[in-house]
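See structure below.
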Amino acid sequence: MSVSLTESAARQIQKQLAKRGKGLGLKLGVKKSGCSGYAYALDYADHLNETDSVFEGFGVKVIVRAEDLPLVNGIELDYRREGINEAFQFNNPNVRGTCGCGESFSVQ
């Protein structure tokens, strides 16, 4: 199982954690949502649960709950700035379809 992040994503996570003043890393997960089935959920991780998996890149930790890991296995988390928009991008090899608005995804 693997989760990776780009240097750009790591810098953004570091900035957000520094601004917040605490946190072990970024918690990456999924929730049931939208017309395709799942949406990504990002949050701060202040503690680890026994079943959490921890992935590290560029000095930043990404924490994933055991039940979410099959849906994000192999994902690359990126952070991109396009014009005036900036956001995390999810390059997930498990995605088999997305909804028209891009809010949710499905896996098989």
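What number of residues in segment 35-68 are of a type in the set (A, V, I, L, M), over 11 Å from the mean Cα position of the chain (by Cα) and buried (at least 16 other Cβ atoms within 10 Å of the Cβ)?
Adding up the residues that qualify gives 2.
Just to be sure, is Leu71 among the hydrophobic types (A, V, I, L, M, F, W, C), surrounded by 16 or more Cβ atoms within 10 Å (Cβ to Cβ) and not in a helix (DSSP H, G or I)?
no
Could you tell me which of the residues Lys61, Lys32, Lys27 is under 15 Å from Val107 (Cβ atoms) and part of a strand (DSSP E or B)?
Answer to the check: Lys32.
Values in this text are rule-based calculations from the coordinates and carry no lab data. Quick caveat: nothing in here was measured; it's all calculated off a predicted structure. Note that each Cβ is placed from the backbone with ideal geometry, even for glycine, and that neighbours are counted across all protein chains shown.
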